[in-house]
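To start, the structure under review is shown below, and the notes come after it.
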Amino acid sequence: DTSLLPPRSLGYPSLMHPYPIGAARPWLGVPYATRWHSRPPRPSCRRLFRAAKQDIAALQTAKQVAEQTQHAALADAIDRQLLARWLAGQEKDLDEYETFFRATECSADGSQHTSHPPDLLEEWLQPLESGSVHSERDLDELRAEAEGVHIFDLKRDRASEAAAALRRDGFVALAALGPTVLRRARRLSAALLRRVARAEPRGNRGERRYSLGRTTMVPGTLELATCPAVCQVLESFWGTKSFRVQCTGGDASLPGAQQQDLHADVPVKEVADQLYNYYDPEQPDRKFMELPTPVVKVYFAMVDMDRKVGPPRFVPGTHELTAKQDVPPPDQEPPSTHLVCPAGTAIIMDMRVWHGGTENNSKTARPMLSVHYSGPSYSEDVLKDGGSIPFFGTCYWTYHRGALQPESFECLSESGKSLCKNLVSSLKVSCSKCHMSHLSAGRSALRSIGPPSGPWLCLNCWAAQKSSIMR
């Protein structure tokens, strides 16, 4: 198949332009005096692909050759193979995540009867697994501008401008993910959502609406943490590189999900006063919630988000109000901005800003994966127990230590290791209640709900404690 031969630019002669009889063959260094059929075999993209199926590095080489020789279909087939192998490597962690999700995020009395058949869920997830991540970004950005949303792009905008918008409004949209990372993240989001839908069929944040909880134990979610555009904006925002990943997570809505009430991703005033043990002698009246953004959450859009698919909505400037007043009820909701944006956009938000999901009237799932970053003013020393409302205690506000295994940590880039150093641990503990031993702290065991240094519980005992508190 002559269409599979590399061009002369790769060092091989083309059959369309053979070397004349007697010419030197540079790849062998001897005179050419033989017929075509006596030439040594040339490597082809398909031959590389077949030989490389058990070797990731060789597959990546085969993909590069296919791209250089403009064999788009073959490059796409190799990319699908690479993606499948990458996802298969996350399978064990995904199974552990499902167990963790059932303990920490499922409702104790949640119905196990789904409001949608399983084959319908697969239909909703199919666009995430199709492999195509092409979107009409220019058109999507025009739609965003019509909604009052400016999507910053560091190819034309300065990081300081995006940081200023975050400081002013409490949220900012940023062009972030390239096709390869987005394709992997989409497949991973489908795998996560498939598991949470199996664990809590009706949704854990309303009908067909989900919080994924903490997904940090799945190493693939941490690929998003080192996104260069996001890190540049956060460095400008905080004025330092001294910020760290606290955990990863996400949320999702399925077709038919209704609008979510406005809320902030921090405790309400009376709970915050009990949760945070903060005192500034120079400003005695200043509370922890009034400090300059201790933590931010960064959502990554996995699908093109228009009005139909149900984008999140934000009320600009409300991050400065949360410490002083509660979020108003639905019948008093102030005007908000629907954050319409293309897939791959990062939405950086102050966790105090008022926001909420909107109706999903499409035929596709709408997941967003997230990374939580702690800033230089954040310290776990300000955490205490939840006072009279212990369920809102420290387990949801600390670093997810132990979620990242040492071997997974070693696979991270140097910047990834710096960002995620508070997540890695090999500590083994025993449950203080049922005495189950050899539990991995942060994965199969959690601190008892209450003070930060409480006893360790296995996930079953932790879920039982949570259930007894919630009754």
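The values are calculated or read from the model by the stated rules, or taken from the named source; none is laboratory data. If you're wondering where the values come from, they're calculated on a predicted model, not measured in any experiment. As a convention, Cβ positions derive from the backbone with ideal geometry for all residues, glycine included, and neighbour counts pool all protein chains shown. Heads up: the accessible areas ignore ligands, DNA and RNA and are worked out on the full protein's heavy atoms, side chains in. Shrake-Rupley method; radii C 1.70, N 1.55, O 1.52, S 1.80 Å.
Screening Arg158, Arg137 for residues that are at pLDDT 95 or above, open to solvent by 20 Å² or more (accessible area, probe 1.4 Å) and basic (Lys, Arg) leaves exactly one candidate, Arg158.
Residue count for segment 156-175 under the criterion of being part of a loop (DSSP other than H, G, I, E, B) and in contact with a helix residue (DSSP H, G or I) (Cβ under 9 Å, 6 or more places away or on another chain): the result is 2.
Remark: Leu339 falls outside the filter, which requires a residue to be farther than 30 Å from Arg187 by Cα and of a type in the set (A, V, I, L, M, F, W, C). Is there a residue in segment 198-212 that is in contact with a Leu (Cβ under 6 Å, 6 or more places away or on another chain), under 30 Å from Asp331 (Cα atoms), open to solvent by 10 Å² or more (accessible area, probe 1.4 Å) and part of a loop (DSSP other than H, G, I, E, B)? Yes: segment 198-212 contains one or more residues that are in contact with a Leu (Cβ under 6 Å, 6 or more places away or on another chain), under 30 Å from Asp331 (Cα atoms), open to solvent by 10 Å² or more (accessible area, probe 1.4 Å) and part of a loop (DSSP other than H, G, I, E, B).
In segment 389-439, which residues are open to solvent by less than 30 Å² (accessible area, probe 1.4 Å), modelled with pLDDT of 90 or more and more than 24 Å from the chain's Cα centre (by Cα)? Correct list: Val429, Cys431, Leu439. Looking across segment 447-467 at every residue that is at pLDDT 85 or above and open to solvent by 60 Å² or more (accessible area, probe 1.4 Å), the one that is farthest from the chain's Cα centre (by Cα) is identified as Pro455.
Among residues of segment 146-173 that are in contact (Cβ under 8 Å) with a residue 60 or more places away in the chain and farther than 15 Å from Ala301 by Cβ, those with a beta-carbon under 9 Å from a residue that is acidic (Asp, Glu) and open to solvent by less than 50 Å² (accessible area, probe 1.4 Å) at least six positions away or on a different chain give the pairs Leu166/Asp350; Arg167/Asp350; Asp169/Asp350; Gly170/Asp350.
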